[in-house]
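J.: Can you read through this structure? Questions will come right after.
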Amino acid sequence: PAAAGAPAPGRDPGQPPPGVVEGVRAQGERGRGRDPLTDDELRRAEDLALPRTPRGLVKDVTGKPGPERLTTDLAELTPAEAGLADPPRRANVSFYDYKSDSYITKTVNLTTSKVESTDTQHGVQPPPSHTEAVEAARLLIADPLGSGLRQDYHDATGRELTGPDPLSVTGFVYRGRAEGDAPGALADCGEHRCIRLFTKVKNGQWIDTRRFVIDLSARTVARLG
């Protein structure tokens, strides 16, 4: 028999023992202090913040009922709460309402399950979500002005481009006249939700679509320059 402490047969004595992958630690329903929001807190914050309005009065980027969710972040503590051993947990939930072109931020107290404040702004355009960028690509592909994008995709892959799924897209806000001269078709950008796109074939080459502006509020496409 092998001596005590001897390496197992067939294994190099200088080889370290096999690594053990530690499982993901289960998240509690509620974080503490400045811990990141847990999955449960994210769900609760968004559920509490969603507008309780009649169907159709709030719309997302596709025109369906309900707001377009943007971000959910842990809110800052007040100076009086900063030294508490177990301060209240709050989340700032932001979304965009395409029905009224409004940027809305709600502060939700996750300790009391109450909405503490609501801030509604017009003409304020935060960075677009991935969902908004994908919808902008869908509109561009379907538009006559998207013929160049469709042709470039065909040249790169040999396939027809009929939707945004084969593309990797990143959106950035276009504020219209605030950024200089804007064509008449883009006069409402800034008040409307307008974005431009960085577009890439997935696992492939870039396709330049930056000269196009997609007005997600009006669901139209225009060209700069």
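The values are calculated or read from the model by the stated rules, or taken from the named source; none is laboratory data. Everything quoted here is computed from the prediction, not taken from an experiment. Cβ placement follows ideal geometry from the backbone for every residue including glycine, while neighbour counts extend to all protein chains displayed. Protein only, heavy atoms only, side chains kept; ligands, DNA and RNA dropped before computing areas. Shrake-Rupley method; radii C 1.70, N 1.55, O 1.52, S 1.80 Å.
J.: So, in region 81-110, exactly how many residues are out of contact with any strand residue (DSSP E or B) (no Cβ under 8 Å at 6 or more places or on another chain) and closer than 18 Å to Ala49 by Cβ?
T.: 1
J.: A further question on this structure: Across region 188-207, what is the total count of residues that are of a type in the set (Gly, Ala, Ser) and under 18 Å from Ile104 (Cβ atoms)?
T.: First pass over region 188-207, keeping only residues of a type in the set (Gly, Ala, Ser): 190, 204.
When the remaining residues are screened for being under 18 Å from Ile104 (Cβ atoms), the result is 190.
Residues in region 188-207 being of a type in the set (Gly, Ala, Ser) and under 18 Å from Ile104 (Cβ atoms): 1 in total.
J.: Might you let me know whether region 120-136 holds any residue that is assigned to a strand (DSSP E or B), of a type outside the set (A, V, I, L, M, F, W, C) and open to solvent by less than 70 Å² (accessible area, probe 1.4 Å)?
T.: yes
J.: Where the second residue is open to solvent by less than 60 Å² (accessible area, probe 1.4 Å) and part of a helix (DSSP H, G or I) and the first is in contact (Cβ under 8 Å) with a residue 12 or more places away in the chain and of a type outside the set (A, V, I, L, M) and lies in region 140-156, which pairs have Cβ atoms under 8 Å and are six or more apart or on separate chains?
T.: Sorted first by the residue in region 140-156, then by its partner, the pairs are Gly146/Leu140.
J.: Continuing with this model, one more query. Tell me which residues, restricted to region 140-168, are within 19 Å of Leu224 (Cα to Cα) and not charged (D, E, K, R).
T.: Those that are within 19 Å of Leu224 (Cα to Cα) and not charged (D, E, K, R): Leu140, Ile141, Ala142, Pro144, Leu145, Gly146, Ser147, Gly148, Leu149.
J.: Another question, then. Would you tally the residues in region 69-96 being of a type outside the set (A, V, I, L, M, F, W, C), surrounded by fewer than 20 Cβ atoms within 10 Å (Cβ to Cβ) and in contact (Cβ under 8 Å) with a residue 40 or more places away in the chain?
T.: Qualifying residue count for the region: 4.
J.: Quick check on Ser117: is it within 24 Å of the chain's Cα centre (by Cα), buried (at least 16 other Cβ atoms within 10 Å of the Cβ) and polar (S, T, N, Q)?
T.: On the way: within 24 Å of the chain's Cα centre (by Cα): yes; buried (at least 16 other Cβ atoms within 10 Å of the Cβ): no; polar (S, T, N, Q): yes.
It is false that Ser117 is within 24 Å of the chain's Cα centre (by Cα), buried (at least 16 other Cβ atoms within 10 Å of the Cβ) and polar (S, T, N, Q).
J.: Right, here's the next one. Considering Thr53, Thr78, Thr62, Thr71, which residue is modelled with pLDDT of 90 or more and part of a loop (DSSP other than H, G, I, E, B)? Before you say what the answer is, go through the steps one by one.
T.: Values: Thr53 fails: modelled with pLDDT of 90 or more; Thr78 fails: modelled with pLDDT of 90 or more; Thr71 fails: part of a loop (DSSP other than H, G, I, E, B).
When all the criteria are applied, what remains is Thr62.
J.: Determine whether region 138-157 contains at least one residue that is at positive phi and open to solvent by 40 Å² or more (accessible area, probe 1.4 Å).
T.: We begin by selecting, within region 138-157, every residue at positive phi; these are none.
Checked against the condition, which is being at positive phi and open to solvent by 40 Å² or more (accessible area, probe 1.4 Å), region 138-157 yields no hits at all.
J.: Which of the residues spanning region 194-213 are open to solvent by less than 90 Å² (accessible area, probe 1.4 Å) and part of a loop (DSSP other than H, G, I, E, B)?
T.: Residues satisfying the conditions are Gly204, Asp208, Thr209.
J.: Mind listing whichever residues of region 158-187 are open to solvent by 40 Å² or more (accessible area, probe 1.4 Å) and part of a helix (DSSP H, G or I)?
T.: At the first step, the residues of region 158-187 found to be open to solvent by 40 Å² or more (accessible area, probe 1.4 Å) are 158-160, 162, 165-166, 168, 170, 172, 175, 177-179, 181, 183-185.
Listed by number, the residues that qualify are Arg177, Ala178, Glu179, Gly184, Ala185.
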